[in-house]
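The values are calculated or read from the model by the stated rules, or taken from the named source; none is laboratory data. This is a predicted model, so every value here is computed, not measured. Counting neighbours? That spans all protein chains shown, and the Cβs are built from the backbone with ideal geometry, glycine included. We work out accessible area using only protein heavy atoms, side chains counted, and drop any ligands, DNA or RNA first. Shrake-Rupley method; radii C 1.70, N 1.55, O 1.52, S 1.80 Å.
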Amino acid sequence: MTTYSAPLRDMQFVMKDLADLDAVIELPGNAEATPDLVNAVLEEAAKLASEVLSPLNKPGDAKGARLGDSGVVAADGFAAAYQQFVSGGWNGLSGDPECGGQGLPELVLTATIEMWNAANMSFALCPLLTAGAMEALKHHGSPMLKESYLAKLVTGEWTGTMNLTEPQAGSDLSAVRTSAVPRGDHYRLHGQKIFITWGDHDMAENVVHLVLARTPDAPEGVRGISLFLVPKILVNADGTLGERNDVRCVSIEHKLGIHASPTCAMSFGDKEGAVGFLVGEENKGLAHMFTMMNEARQKVGIQGLGIAERAYQQARDYAKERVQGRPVGHKAGERVAIIHHPDVRRMLMSMKTQIEAMRAFAYVMAADMDFARKHPDPAERERRQARVNLLIPVLKAWCSELGVEIASTGVQVHGGMGYVEETGASQYLRDSRIAPIYEGTTGIQAADLVGRKLALDQGATMAGLVRDMRAVERNLEDGGHEELNAIREALATAIDALQLATRWVLETVNQNPQAAMAASVNYLMLVGYVCGGWQMARAALVCKRRFQSLEDHTFYRQKLATARFYADQIRPKVDALRKAVTSGASTAMMLSEEQF
Ligand SMILES: Cc1cc2nc3c(=O)[nH]c(=O)nc-3n(C[C@H](O)[C@H](O)[C@H](O)COP(=O)(O)OP(=O)(O)OC[C@H]3O[C@@H](n4cnc5c(N)ncnc54)[C@H](O)[C@@H]3O)c2cc1C
């Protein structure tokens, strides 16, 4: 089994040359983030990922977390690794310095999150949920709640959870039934939540639950949902830990993958009711939770990237070792490692290329998040935020779907050894499968893109994105350079397809919403592939500039090859998706329910 090794060269290239790290660290408040510090952070994170988290991945899968008499016991070695994670300051990397965080840019955080997920997706989920809780509290919590909870969440001494799902309320949160009754300065909660990631464990001394519930007179539906903070252990006025709250994990799920991440059924209020505190305003819970969900959705997209990279490294190493058959056209002579076979090359190249495209897309969006938060010009902040809002569903769904596809290709590269558990290839496929489901399924992301985000400004933000893509297309115009010409042509047709499909969606969503929704996932995937191609084309432009200097030619030659492969072999998927979108996916509704 391959130990994970962070692809630092590509990460640094993407951060510096595509996501404009130099401009990000110039933003107000980022003075600490010098280039040397950023490099040191990446190198130390890479070490923690490969030396501490990666070795726990397979044993964690085999044995998993378990429910003991006094709660969930994390998989062997996880508690010690978590302490190392916390004491190294990793949890607070981008957290508010006033609360003990280091205030580093989202871009740097994103690279570390890729590493944690590649090394050990189950482990990485715990800080991912804490980050969401921190965000919701920072934006909507009262001064008292912030004072009592935020600093401990930032350092990671306490962890956070997100309690939305109930048996009858999954994608449709309007059906949430958990009740919250006011009692003086707090509320008492009763109800059951299911599928709560890291809902209980013994890695930290307290778990801070953010819970959706209804107050007694709340209106029906989503307008009657409020957000509450419910600690596992109540906090005394002096900040010390007090009594155990009336909330517990009643069972943990047996599931396809991420066995070391406990997925808990939580019971609130078995006795007198769990003590909870309102976060933000009553009945605005879903809007407040969206602060947390957007963060989490971006990070689930990065999970897809991380797990794909891990699957790729495993497949690449296996393909270099496994000897089978002779080279094409040779009937006799030495047998060769399977990496010599063109079809295996195709698989490895499609994995590597799409990972590079996903990374570029994800990191550029992380930089957009930094600009949206800190750029001195309010108009630029607004522009960047609009782009982030538009593309978060694409990042979440496209990268998580590709994560599954790439992990599956990884199994295929191994042949039978991929299907059995020995090599670890199958674990990556099993682990990856959850990412297109939680934090809103791919269908829900696509509905958000088509039904809300795109329509919100009648496609104006998308038109801005297209303008930026066209500028790259123009910059690629360079008579005589074969690679760049091919990449430019591919980008041009991909942008045409994006414009056509976008026009169709905008025209159709009001006239025939069923047809638009039936086409929505194909449209979302199209946007993802075009964004990936746009970033690979930008990478090719950088390579061209670097060829004229004396820099690392091997890396740039390799990058140009993957950009060309993307243009030739991946981009055609855009044509097929454009056709599927604009030919009217309402055929999906042609059969009656009984005909299925
Ligand atoms: C391992 C794991 C960890 C999880 N962690 C958490 C957690 O920490 N906190 C938490 O609150 N929840 C968590 N969840 C729950 C998760 O977010 C939900 O499973 C997910 O949102 C889907 O809801 P559902 O399972 O009820 O599926 P359903 O909503 O029943 O969906 C079933 C299918 O119908 C489709 N569908 C449903 N409604 C629509 C619609 N309007 N338009 C188009 N398609 C639709 C879906 O796309 C899907 O394909 C977790 C789940 C798992 C399995």
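Worth pointing out:
- Loop-located trypsin sites (Lys or Arg not before Pro) in segment 129-220 (DSSP state not H, G, I, E or B) with no more than 14 neighbouring Cβ atoms inside 10 Å: R177.
- Within the straight-line cut-off of under 18 Å between alpha carbons, the aspartates and glutamates reachable from K47 are D10, D36, E114, E309, sequence neighbours fewer than 8 places apart in one chain being disregarded.
- Applying 1/(1 + (r/R0)^6) with R0 = 60 Å to the Cβ-Cβ distance of D317 and R223 gives a FRET efficiency near 0.65.
- Global form of segment 125-256, assessed from the alpha-carbon gyration tensor, a/c cut-off 1.5: oblate
- Label zone (R9, point 7 Å along Cα-to-C-beta; backbone nitrogen cut-off 16 Å) within segment 38-75: none.
- Radius of gyration, Dmax [the chain; alpha carbons; angstrom]: 24.3, 85
- Burial order of peptide ranges 414-420, 520-526 (average beta-carbon count within 10 Å, highest first): 520-526, 414-420
- Extending 7 Å from the Cα toward the beta-carbon at both D185 and S586 defines two label points whose distance is 5.9 nm.
- Accessible carbon and sulfur surface of segment 320-419 relative to its total accessible area, %, 1.4 Å: 51
- Per-residue Karplus couplings for segment 359-365, computed as 6.51 cos²θ - 1.76 cosθ + 1.60 with θ equal to phi - 60°, are listed in order as 4, 4, 4, 5, 6, 5, 5 Hz, Gly and Pro entered as x.
- In the context of the full set of protein chains, residues of the chain present 41 Å² of accessible surface per residue (probe radius 1.4 Å, heavy atoms only).
- Pairs from the list K152/K284; K232/K271; K138/K374; K146/K232; K284/K374 with a Cα-Cα gap above 19 Å: K152/K284; K284/K374.
- Note on A455 and E421: the model spin-label points, each 7 Å out from Cα along the C-beta direction, lie 4.7 nm apart.
- Cβ-derived FRET efficiency at R0 56 Å, K579 paired with E272, nearest 0.05: 0.40
- Rounded percent of accessible protein surface that carbon and sulfur make up, segment 438-545, 1.4 Å probe: 49
- Range of Cα positions in segment 183-240 per principal axis (Å), largest first: 38, 30, 15
- Loop GluC sites (Glu not before Pro), segment 540-596 (other Cβ atoms within 10 Å of the site Cβ: 16 or fewer; DSSP): E551
- Whichever lysines have a C-alpha closer than 23 Å to that of K331, once near sequence neighbours (fewer than 8 apart) are set aside: K320
- For segment 276-428, alpha-carbon Rg and Dmax in angstrom: 21.4, 76
- Overall form of segment 12-120: prolate. Here a/c, set by the Cα gyration tensor axes a ≥ b ≥ c, is 1.5 or more, and a/b is the larger of a/b and b/c.
- Fraction of the pair-distance distribution of segment 459-596 above 18 Å, Cα-Cα pairs, percent: 59
- When each of the peptides 453-464, 276-287, 386-397 is scored by the mean number of other C-beta atoms lying within 10 Å of its residues, the order from highest to lowest reads 386-397, 276-287, 453-464.
- Sparse packing (at most 16 other Cβ atoms within 10 Å of the Cβ) combined with a DSSP loop state is found for the following GluC sites (Glu not before Pro) in segment 457-503: E477.
- Surface composition of segment 39-157: carbon plus sulfur atoms hold 51% of the accessible area, using a 1.4 angstrom probe and ignoring ligands, DNA and RNA.
- Estimated inter-spin distance, A287 and M1, nm [label 7 Å along Cα→Cβ]: 4.7
- When nucleic acids and ligands are ignored and a 1.4 Å probe is applied, I487 ends up with an accessible area of around 10 Å².
- Using Cβ point charges alone (K and R +1, D and E -1), the dipole size of the chain about the Cα centre works out to roughly 1420 debye.
- Shape category assigned to segment 321-368 from the gyration tensor of Cα positions, a/c cut at 1.5: prolate
- Partners of K63 within straight-line reach, counting aspartates and glutamates whose Cα lies under 18 Å from its Cα and excluding those fewer than 8 residues away in the same chain: D76, D200, D202, E253, E421, E422, D431.
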